[in-house]
Amino acid sequence: MRVLITGGAGFIGSHLCDHLLSNGAEVICMDNLLTGTVQNIQHIRDGRFRFIEYDVTNYIYVDGPLDFVLHFASPASPIDYLRLPIHTLKVGALGTHKALGLARSKKARFLLASTSEVYGDPQIHPQPESYWGNVNPIGLRGVYDEAKRYAEALTMAYRRYHGLDTKIVRIFNTFGPRMRRDDGRAVPTFILQALKGEPLTVFGDGSQTRSFGYITDLVRGIERLMHSDLGGPVNIGNPQEMSVTQMADEIKRITGSRSEIVTKPLPEDDPKVRQPDITLARERLGWQPEVDVREALRLTIEWFMATEAGS
């Protein structure tokens, strides 16, 4: 199997590279390193791996056959897509168009990394794939939400009009080793603050919920979707809902930190709840999370401690 992964030097993309290589695939990783980093892939010494530094909003050419195009290129944390709003829109629109065009020319299967953010600030809870969402298209977060919603629409247009074999995964909050320390997401921010004895900053009153899943569970779900007959979208996430304050308290407990929790104003359009309905993934993919959130946090905290000590 020969696979192209756009955004392959990012957090999720690099774990996909590892996983597919371990299963015997040949992997081409394409990334412009805007939010990804070569540190995520520098450990790979496999001759079946190739890295191309490239911006996928431009025309994409890859020599030789491809079996899959996995489109994971995009800024994916609020701090990134608010800093890079136009590029976020471009990679969702132009990047998806170029990746779909490549898949069509190679007669390859195509998988789009979408997001639970397409549900916006949901009025249905938990969120099934049939829910259309509650998104503010002109708000600050709209650059990411609408980029992914457009990418889904374009993917479905290629599926219907060109007959391309496409799949869409809607990814819920995922964490694990290789998360950037400065990406602004709750888990790495809380971990670093706890390890340094700094106050843990919670936005709003901390009652807003998220469904946190571990990276290995996500990658396993993506692989099952790749080889299934499902087109999607398919929710892949942990239905174990937690408040942001509960997550902060759990990180304090595991690290033994005595840091206090302080609050800051809730950002515009920040979702109040988030929980996947994973009935489709359970019934059609035989998938559900296997790694307990607390065990996942322990593994992630150990990685942060090791990399902090080595930096």
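The values are calculated or read from the model by the stated rules, or taken from the named source; none is laboratory data. It should be emphasised that the depicted structure is a prediction, and the values quoted were computed from it without experimental measurement. Please note: Cβ atoms are built from the backbone with ideal geometry, for glycine as well, and neighbour counts cover all protein chains shown.
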Exercise for review: Could you tell me whether the range 110-127 includes any residue that is out of contact with any Ser or Thr (no Cβ under 9 Å at 6 or more places or on another chain), closer than 24 Å to Asp31 by Cβ and assigned to a helix (DSSP H, G or I)?
Suggested key: yes
Point to revise | Flag if Arg253 is among the charged types (D, E, K, R) and either at pLDDT below 95 or closer than 30 Å to Leu164 by Cβ (or both) | key: no
Exercise for review: Go through Pro78, Pro65 for me and flag whichever is of a type outside the set (S, T, N, Q), surrounded by fewer than 22 Cβ atoms within 10 Å (Cβ to Cβ) and over 30 Å from Gly24 (Cβ atoms).
Suggested key: Pro78
**Study point:** All helices (runs of 4 or more DSSP H) inside the range 1-104 with 2 or more residues being more than 30 Å from Ile138 (Cβ to Cβ)
**Key:** 11-22
**Study point:** Residue list for the range 264-286, filter: in a strand (DSSP E or B) and either aromatic (Phe, Trp, Tyr) or surrounded by fewer than 14 Cβ atoms within 10 Å (Cβ to Cβ) (or both)
**Key:** Lys264
Check your understanding: So which residues in the range 102-131 are in contact with a Lys or Arg (Cβ under 8 Å, 6 or more places away or on another chain) and either among the hydrophobic types (A, V, I, L, M, F, W, C) or outside the structural domain of Val169 (by TED's automatic domain parsing) (or both), if there are any at all?
Key -> Ala103, Phe110, Leu111, Leu112, Val118
Review point. Which one is nearest to Thr201 (Cα to Cα) among residues in the range 251-260 that are surrounded by fewer than 18 Cβ atoms within 10 Å (Cβ to Cβ), touching a residue at least 40 places away in the same chain (Cβ under 8 Å) and not aliphatic (A, V, I, L, M)?
Key: Glu260
Practice item. Please work out which one of (1) surrounded by fewer than 20 Cβ atoms within 10 Å (Cβ to Cβ); (2) at pLDDT 95 or above; (3) more than 15 Å from the chain's Cα centre (by Cα) is the condition Asp205 fails and give its number. Key: (2)
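Let's see how each residue does on (1) touching a Pro at 6+ places or on another chain (Cβ under 6 Å); (2) touching a residue at least 60 places away in the same chain (Cβ under 8 Å); (3) not assigned by TED's automatic domain parsing to the domain that holds Trp303:
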{"position": "Pro188", "(1), (2), (3)": "no, yes, no"}
{"position": "Gln193", "(1), (2), (3)": "no, yes, no"}
{"position": "Gly232", "(1), (2), (3)": "no, yes, yes"}
{"position": "Val262", "(1), (2), (3)": "yes, yes, no"}
{"position": "Pro265", "(1), (2), (3)": "no, yes, no"}
{"position": "Leu280", "(1), (2), (3)": "no, yes, yes"}
Study note, to complete from the structure: Only one of (1) touching a residue at least 60 places away in the same chain (Cβ under 8 Å); (2) within 20 Å of Arg149 (Cα to Cα) does not apply to Pro65, and that is (2)
Review point. Of the residues Ile41, Ile12, which single one is in the same structural domain as Val91 (by TED's automatic domain parsing), without any contact (Cβ under 8 Å) to a residue 40 or more places away in the chain and under 16 Å from Gly176 (Cβ atoms)?
Key: Ile41
Study note, to complete from the structure: Of the candidates Tyr119, Tyr61, Tyr81, Tyr131, the one satisfying the condition of being more than 30 Å from Gln208 (Cα to Cα) and of a type outside the set (Gly, Ala, Ser) is Tyr61
Review point. Hey, among the residues in the range 1-34 that are touching a Phe, Trp or Tyr at 6+ places or on another chain (Cβ under 9 Å) and among the polar types (S, T, N, Q), which one's surrounded by the fewest Cβ atoms within 10 Å (Cβ to Cβ)?
Key: Asn32
Exercise for review: Consider Thr300 carefully, then state whether it is crowded, with 16+ Cβ neighbours inside 10 Å, in a helix (DSSP H, G or I), of a type in the set (Val, Ile, Thr) and in contact with a Phe, Trp or Tyr (Cβ under 7 Å, 6 or more places away or on another chain).
Suggested key: yes
Exercise for review: Would you mind telling me which numbered condition in (1) within 20 Å of the chain's Cα centre (by Cα); (2) not assigned by TED's automatic domain parsing to the domain that holds Gly120; (3) not polar (S, T, N, Q) Arg253 fails?
Suggested key: (1)
